[in-house]
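The values are calculated or read from the model by the stated rules, or taken from the named source; none is laboratory data. Predicted, not measured: the structure shown is a model, and the values here were computed from it. In this analysis, Cβ positions are derived from the backbone assuming ideal geometry, glycine residues included, and neighbour counts consider all displayed protein chains. For the accessible areas, the whole protein counts, side chains as well, though only heavy atoms, and no ligand, DNA or RNA atoms are used. Shrake-Rupley method; radii C 1.70, N 1.55, O 1.52, S 1.80 Å.
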Number of protein chains: 2
Amino acid sequence: MSSDVTRLSQWMDHHRTRMELGPLSILIRKLLSHSPLSTADQQAIAALPHKVRRLQPGESILREGDQAEICPVLLSGFAYRQKVASDGGRQIVALKLPGDALDLQSLYLHKADHDIRMLTNVEMALLPLAAIEQLTIARPAVARAILIDILVEASIGREWLLNIGRRNALARLAHLLCELHDRVSDIASETSEYFEIPLTQEQLADLLGLTPVHINRMVRQLEKMGAIGRPSRSLTILNLSELAKISNFSSAYLHRNNLSGV
Amino acid sequence: MSSDVTRLSQWMDHHRTRMELGPLSILIRKLLSHSPLSTADQQAIAALPHKVRRLQPGESILREGDQAEICPVLLSGFAYRQKVASDGGRQIVALKLPGDALDLQSLYLHKADHDIRMLTNVEMALLPLAAIEQLTIARPAVARAILIDILVEASIGREWLLNIGRRNALARLAHLLCELHDRVSDIASETSEYFEIPLTQEQLADLLGLTPVHINRMVRQLEKMGAIGRPSRSLTILNLSELAKISNFSSAYLHRNNLSGV
DNA sequence: CGTTAGCTTGAATGCTTTCAATTATTGTGG
DNA sequence: CCACAATAATTGAAAGCATTCAAGCTAACG
């Protein structure tokens, strides 16, 4: 159906079928990466009612001003949040990966303040917000896991503010690539330094507060340095430490080891 | 003790003494602005154990990497969150006003990903995180109010990403001033178009991803247009609608009417 | 009344954008 | 399987917004 779907997504598709908890197991895995959940908690999540739906690149599942009643969870593919300025300028304010819940905030805020769109072909589960709310009431550990998810996303947003506000174009791009590397590693569980990132240069521009033309120049510069490769229309990371050096990347803000307590 | 304290803060100091619920009443009022709380809920919050502490401009109450055990709540004065890039560049990633809880995230994330510092002379209540946690368990409405607080801050962060990523310097500044107007209005309850904003030009630069020199030029431009005034070393908003026009400001992202449901 | 932090200003520089075309890739329909 | 359409990538040159540098000014504080 598409070459837009990343290798990661394909791996996810395949892997998921071998797990015990059904389509939502990837959500459970994501939550487990930062929060403890008992077997019963996990089963309760897996048992949430849901429909599976496929969307194509650019399609929207939520628009600013909407009042949502379902929470989409990414099963495969990438999605993003965007805001649009009155002059048409677009800013991507978050990137979501497989296992991420896309709209937990609508549990508590009644009007969406941004759009949610698909970056690639996507498979998602749609969960009724009411069911999630009941689950959070019945199972405090689940409520806590959801809250931590929200907090980590907020932390990433703060780092993006620093990235866009205070780093030059090359460092911004390198920093984003480092972040994606780490986040994808977490869900793919196979640490490879070879990731395919399905972002067009225009999307990179909207992510980083730059123009496509300038992104192009930065991408080529990173390529010339051997830090990235560019198969077909996406990026691969070839030299992570080089990217980390350029952007002074430190992954603390991802809170990946939250479980360890201290 | 200082001319740094804004008129708002002074008004707050005065107002607080007339309320029933003690020092934390301002926190309760803030939560009530977006979440329903029963009288019992409010009393339970007011009864939280706490110490009152004063800090001066620039002082820090939390540093990146710290593991907090207390949650500071602003009683008067302004504070901010900041992140520092490796080259020394500083980005202010959030501004906190009286009534705001400064570090709820440490309830769930074990290491701070940013610093919290005081913008003005500040009076704050320090609440043990353990006490807050118990309260959230005992009183779901309080837990919900706290979560909404966190979500609204995240929404503001997204708008800042759009602001810094996609608006020019003049619009960025105007947008920030509009936001502050609305947020201050909420807690001051007296809607005046005349607010004193105690930000130096250097701080404005760190808020908006610009340099102090350029901020100076933009401030003077807004002044020349009659949109702002500049008593001593702060700003006042003289023409809010002009600022809103410059920045195409829309306050939806502040979620101020969350209570109304639809 | 000096000291200091903050504000102001001009000029030169530069990073990024804008504009305008061209080239490459992917997907589609015949 | 090829031609065509559409999207994405690329490139050079000019323009502009913002930064940097450097210096002088102002106002608050002790």
How big is Rg to Rh over the stretch A:7-162, alpha-carbon atoms, Rh as the Kirkwood inverse-mean-distance radius?
0.95
What value does the protein assembly as shown have for Rg/Rh, both radii from Cα atoms and Rh as Kirkwood defines it?
0.95
A:D115 - accessible surface, heavy atoms, 1.4 Å probe, Å² rounded to 10
20 Å²
Under the helix-only model (-39500 (n - 2.57) for each DSSP H run of 4 or more, divided by the residues of the protein assembly as shown), the mean residue ellipticity at 222 nm, to 500 deg cm²/dmol, is -13500 deg cm²/dmol
Rel. contact order, % - alpha carbon contacts under 8 angstrom, at least six apart, chain B:
22 percent
Could you go through the stretch B:48-57 in sequence order and give the Karplus-derived ³J(HN,Hα) for each residue, using 6.51 cos²θ - 1.76 cosθ + 1.60 with θ = phi - 60°, rounded to whole Hz, and x for Gly and Pro?
4, x, 6, 10, 9, 9, 10, 10, 9, x
Counting only pairs 8 or more residues apart or on different chains, how many lysine pairs in the protein assembly as shown have their Cα atoms under 17 Å apart?
8
Over both sides of the A-B contact, add up the buried accessible area with a 1.4 Å probe and give it to the nearest 100 Å².
4200 Å²
List the distances, in nm to one decimal, from the label point of B:L129 to the label points of the same position in every other copy, shortest first, placing each label point 7 Å from Cα along the Cα-to-Cβ direction.
2.9
Cα principal axis extents for the stretch A:99-171, largest first, Å:
47, 29, 24
Can you list residues whose amide H is under 5 Å from A:H255's amide H, if they're 5+ apart or on another chain and H is modeled 1.01 Å from N?
none
Round to a whole number: what % of the accessible area of the stretch A:7-162 belongs to carbon and sulfur, probe 1.4 Å?
52 percent
Please calculate how many Å² of accessible area the stretch A:167-260 carries per residue, with a 1.4 Å probe and no DNA, RNA or ligand atoms counted.
45 Å²
Using only the Cα atoms of the stretch A:121-215, what do you get for the radius of gyration and for Dmax, in Å?
17.0, 51
Positive end of the dipole of the protein assembly as shown, charges at C-beta (+1 Lys, Arg; -1 Asp, Glu), about the Cα centre: which of A:V213, A:T120, B:T136 has its Cα farthest in that direction?
A:V213
P(r) of the stretch B:55-120 over all Cα-Cα pairs, binned every 5 Å from zero, in whole percent:
4, 19, 29, 27, 15, 6, 1
Heavy-atom accessible area of B:Y253, protein chains in place, probe 1.4 angstrom, given in Å² to nearest 10, is 10 Å²
At what distance in nm do the modelled label points of A:R220 and A:N239 sit from each other, each positioned 7 Å from its Cα along Cα→Cβ?
1.9 nm
Amide hydrogen neighbours beyond the local backbone of B:K111, cut-off 5 Å, H modeled:
none
Rg followed by Dmax, in Å, when the stretch B:168-260 is reduced to its Cα trace
13.0, 43
Just report the Cα centroid separation between the stretch B:121-200 and the stretch A:198-262, whole Å.
31 Å
Residues of the stretch B:81-105 that bury at least 20 Å² of accessible area, probe 1.4 Å, when all protein chains are present rather than the chain alone, are B:K83, B:A85, B:S86, B:Q91, B:V93, B:Q105
Starting from the Kirkwood radius over alpha-carbon pairs of chain A, derive D by Stokes-Einstein at 20 °C in a medium of 1.002 mPa s and give it in µm² s⁻¹.
113 µm²/s
Cα→Cβ-extended label distance, 7 Å offset, between A:E133 and B:Q67, nm
3.6 nm
Label point 7 Å beyond Cα of B:Q43 along Cβ direction - residues of the stretch B:114-140 with amide nitrogen under 17 Å
B:135, B:138-140
Under Karplus coefficients 6.51, -1.76 and 1.60, residue-wise ³J(HN,Hα) of the stretch A:34-43 in Hz, glycine/proline x
10, 9, x, 9, 5, 4, 5, 4, 4, 5
Using modelled backbone amide H atoms (1.01 Å from N, in-plane), which distant-in-sequence or interchain residues come within less than 5 Å of A:V93's amide H?
A:R81, A:Q82, A:K83
